[in-house]
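The values are calculated or read from the model by the stated rules, or taken from the named source; none is laboratory data. Small disclaimer: the values here were computed from a predicted structure and weren't measured. Glycine gets a Cβ as well: all are built from the backbone with ideal geometry, and neighbour counts include every protein chain shown. Side chains included, ligands, DNA and RNA excluded: accessible areas come from the protein's heavy atoms. Shrake-Rupley method; radii C 1.70, N 1.55, O 1.52, S 1.80 Å.
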Amino acid sequence: MALPTSRRNNPKSCDLFSVKPSSKTDPIASRLVNRFLEMMAAERGAAQNSIAAYGRDLADYAAFLNQLRVPVALAQSTDVRAFLQHLDAQALARSSIQRKLSALRQFHLFLMSEGLAKGNPAQTVEGPRQARSLPKFIGPDDIARLLEAAERAATTAPDETARFKAQRLHCLVELLAATGLRVSELVGLKYAAVVSDPDFLHVKGKGGRERLVPVSARAQVVLATYITTLKQQAETTPTWLFPSRGASGTVTRQHFALELKSLAAAAGLDPEKLSPHVLRHGFASGLLAKGADLRAVQQMLGHADISTTQIYTHVQGERLQEAVNQHHPLAKAGRKTR
């Protein structure tokens with residue numbers, strides 16, 4: 001099994017990440033794994049840590065197949081599933097099992113592309129489903145307290161510089177609460193795109209997908225006040241809606257997150273429980289609680305898959321269940337009889 005010339009002569013193709021044959025591993029399997037690792041390093045430029053992880057995962061797989069007396073090039077889907085069950089029996093984390101399955105898929109695809117196997121037995125094998133945690137939630141009362149604190153800081157700032165920063169933070173929080181933008185989308189808003197149509201924000205989201213997000217009447221007032229101050233501060237027409245003196249030219253996600261925690265403390269809220277993402281969740285949950293159409297919420301949030309938006313319906317379901325358990329007289333009676 002001579003290596004192709006491109007890999008044989010490439011200086012990155014070396015034994016640094018080689019899987020050494022052992023009593024648990026078939027020597028042929030070790031050579032095939034090493035060929036795969038060389039390809040990942042030479043042709044795909046995989047990082048050393050990634051190559052090392054692939055090597056460990058595939059060494060475990062090869063050793064498992066060797067116990068079954070199954071050559072790696074002849075492995076079937078049943079063998080891949082048996083390996084995953086073996087990992088699950090060892091109480092391995094779901095994320096780790098999923099990572100190993102990804103390595104197997106790429107490895108078997110390599111064997112197939114090299115003409116060493118007829119198919120990819122790992123392609124049709126489903127990995128363990130990840131438990132999806134519900135998003136953290138902030139209620140409308142807490143959002144109102146946060147916005148009041150932002151407005152208070154903007155109107156009581158002691159000097160011009162402090163007033164501009166306070167108004168900038170007030171506008172950031174108002175827009176986030178009113179639109180549910182991702183924090184990267186929010187701080188990356190262009191000045192020209194906003195002032196051309198104050199009723200909508202022109203947003204460029206994940207994957208370069210663009211969308212229009214409506215702005216509430218209240219947020220429009222705050223935005224207009226901030227833009228007036230911004231134009232007074234700027235010597236030329238700003239590029240960014242939320243400019244900063246940092247290298248990026250705009251307020252960073254990290255800086256905004258820190259300012260938001262300080263604002264939460266001023267509003268009497270727990271700073272550790274508040275982040276830009278939590279406000280995004282509050283926006284989505286609030287809309288659905290008022291009966292908004294799920295597809296409309298998906299569009300405003302910029303979710304490519306509606307299943308991502310549907311998780312907020314689970315949040316509402318849990319809140320309703322909690323309300324029933326706490327306040328319904330039959331629910332209380334049921335607890336007393338247990």
Between the DSSP loop rule and a limit of at most 10 other Cβ atoms within 10 Å, which trypsin sites (Lys or Arg not before Pro) in the stretch 257-301 are left? Lys290
Eight or more residues apart or on different chains, and alpha-carbon atoms under 21 Å: count the Lys pairs in the stretch 146-238 matching that. 5
What is the distance, in nm, between label points placed 7 Å from the Cα along the Cα-to-Cβ direction at Leu68 and at Glu126? 1.9
Within the stretch 147-170, find all residues whose amide N lies under 19 Å from a label point positioned 7 Å from the Cα of Ala224 along Cα-to-beta-carbon. 151, 155, 167-168, 170
Heavy-atom SASA rank of Met112, Met39 (probe 1.4 Å, accessible area, largest first): Met112, Met39
Order these peptides, 201-213, 178-190, by their mean beta-carbon neighbour count within 10 angstrom, highest first. 178-190, 201-213
What does the extension gain come out to for Thr236 and Asp293, with contour length at 0.36 nm per residue minus their alpha carbon separation? 16.3 nm
Could you look at the stretch 43-195 and say what percent of its accessible area is carbon and sulfur, using a 1.4 Å probe and all protein chains? 49
Amide H contacts of Thr250 (H built 1.01 Å from N, under 5 Å, at least 5 apart or other chain): Ser244
Determine one quarter of the surface area of the Cα convex hull of the stretch 52-135, which equals its mean projected area, and express it in nm² to one decimal. 6.3
